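The structure appears below as structure tokens.
The values are calculated or read from the model by the stated rules, or taken from the named source; none is laboratory data. Every value quoted in this text rests on a predicted model; they were computed, and no experiment measured them. FYI the Cβ positions are ideal-geometry reconstructions off the backbone, even for glycines, and counts take in every protein chain you see. What goes into the accessible areas is simple: the full protein's heavy atoms, side chains included, and nothing from ligands, DNA or RNA. Shrake-Rupley method; radii C 1.70, N 1.55, O 1.52, S 1.80 Å.
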Amino acid sequence: MPLTETCAHANGFLRGSCSTEAIAECVYCGKPFCGQHGELGADFTNVCDRKTCVAKTRDVQAHIEWKERVSAANKFSVCAADECQDRMRHLCSRCHLMFCAEHVAEHTVVNRTVMPTRREIVIMCNHCRDRRRLWD
């Protein structure tokens with residue numbers, strides 16, 4: 001389906017938006033952007049140049065690299081935390097890797113996938129806990 005909108009990039013206070021023909025919509029904020037104010041990513045992961053959207057893209061890339069690096073430990077029934085040699089016992093609800101009791105904790109999160117939204121207690125590793133602020 002062709003995109004018929006114009007770029008929504010703000011040029012500054014009282015200057016309006018870019019208004020160039022948009023090439024895609026941002027996967028995070030949903031706003032249209034032109035070739036100058038965003039990037040077309042692999043598998044339609046198109047991202048505008050807004051600070052929070054760029055930060056989320058970088059975080060996803062770093063998370064994928066981290067997950068690939070530490071997941072090898074789980075193949076040997078070892079905690080996925082860096083340099084930990086304890087046996088894995090608990091599954092992180094976010095990254096789905098296994099950790100020892102020292103590297104996971106219970107956290108209260110708001111589940112927005114159900115209506116009405118509700119608070120839930122989940123088990124989360126330290127890595128995923130540290131990333132929550134960007135994603136919540």
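Here are a few things to note about the model shown:
- Angle of helix 126-135 to the longest C-alpha principal axis of the chain, folded into 0 to 90 degrees and rounded to 10: 20°.
- Using the Cβ-Cβ distance between Thr52 and Met115 with R0 set to 22 Å, the FRET efficiency from 1/(1 + (r/R0)^6) comes to roughly 0.30.
- As a length-normalised measure over Cα pairs under 8 Å and 6 or more apart, the relative contact order of the chain settles at 12 percent.
- Proximal lysines relative to Lys51, as straight alpha-carbon distance under 17 Å, when same-chain residues fewer than 8 apart are discounted: Lys31
- Residue-normalised accessible area of region 12-136, expressed per residue, 1.4 Å probe, Å²: 70 Å²
- Inter-label distance, nm, simple model (7 Å from Cα along the C-beta direction), Asp130/Glu68: 2.0 nm
- Of the solvent-accessible surface of the chain, computed with a 1.4 Å probe over protein heavy atoms with every protein chain present, carbon and sulfur atoms account for 52 percent.
- In straight-distance terms, cross-link reach from Lys75 covers every one of the lysines whose alpha-carbon lies under 19 Å from its own, apart from those fewer than eight places away in the same chain; here that gives Lys67.
- The label-point distance for Phe76 and Ala105, in a model that sets each label 7 Å from Cα toward Cβ, rounds to 2.8 nm.
- Where N is the number of residues in region 41-136, Cα Rg divided by 2.2 N^0.38 Å: 1.22
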